[in-house]
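Participant: Have a look at this one.
The values are calculated or read from the model by the stated rules, or taken from the named source; none is laboratory data. Computed from a predicted structure; not experimentally measured. Cβ placement follows ideal geometry from the backbone for every residue including glycine, while neighbour counts extend to all protein chains displayed.
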Amino acid sequence: MERCPICRGRLDKVTLLCGRCGANLEWAELAQSNAKIVTKQAVASLLQGHLVQAEHLLVQAQSLEDSPFVRQLLGFIRSENRLQDRCITFFNNTGTEHSLFSR
């Protein structure tokens, strides 16, 4: 974090104090660090195919620090969930058990 989220002033990297408004931003740095850890856990879950767990972790990461990367991953997971729901609906309505990708 280079700038104060309160007044946008430059931060002292050592003390995490804003030179302009005097805000102590140690809590913000901690939240940012925790968001990165939780995001990494979410990516690992996603790579293992655990979509529900990955989505839960990404929502947690987003509550700590909103980032474009987390928003993109959440959008991807939610679109995958919608696709799975449509496939289930299709199979339930047609009564077929074959793969969608069979030739």
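Participant: How many residues, within segment 38-57, are surrounded by fewer than 13 Cβ atoms within 10 Å (Cβ to Cβ) and either in contact with a helix residue (DSSP H, G or I) (Cβ under 9 Å, 6 or more places away or on another chain) or in a helix (DSSP H, G or I) (or both)?
Facilitator: Residues of segment 38-57 that are surrounded by fewer than 13 Cβ atoms within 10 Å (Cβ to Cβ), as a first pass: 40, 47-49, 52.
Filter again for either in contact with a helix residue (DSSP H, G or I) (Cβ under 9 Å, 6 or more places away or on another chain) or in a helix (DSSP H, G or I) (or both), leaving 40, 47-48, 52.
Residues meeting the conditions: 4.
Participant: E29 fails exactly one of the following numbered conditions: (1) at pLDDT below 90; (2) of a type in the set (D, E); (3) surrounded by 15 or more Cβ atoms within 10 Å (Cβ to Cβ). What is the number of that condition?
Facilitator: Of everything listed in (1) at pLDDT below 90; (2) of a type in the set (D, E); (3) surrounded by 15 or more Cβ atoms within 10 Å (Cβ to Cβ), E29 misses just condition (3).
Participant: Let me ask something else about it. Among the residues of segment 79-100, are any among the β-branched types (V, I, T), at negative phi and assigned to a loop (DSSP other than H, G, I, E, B)?
Facilitator: yes
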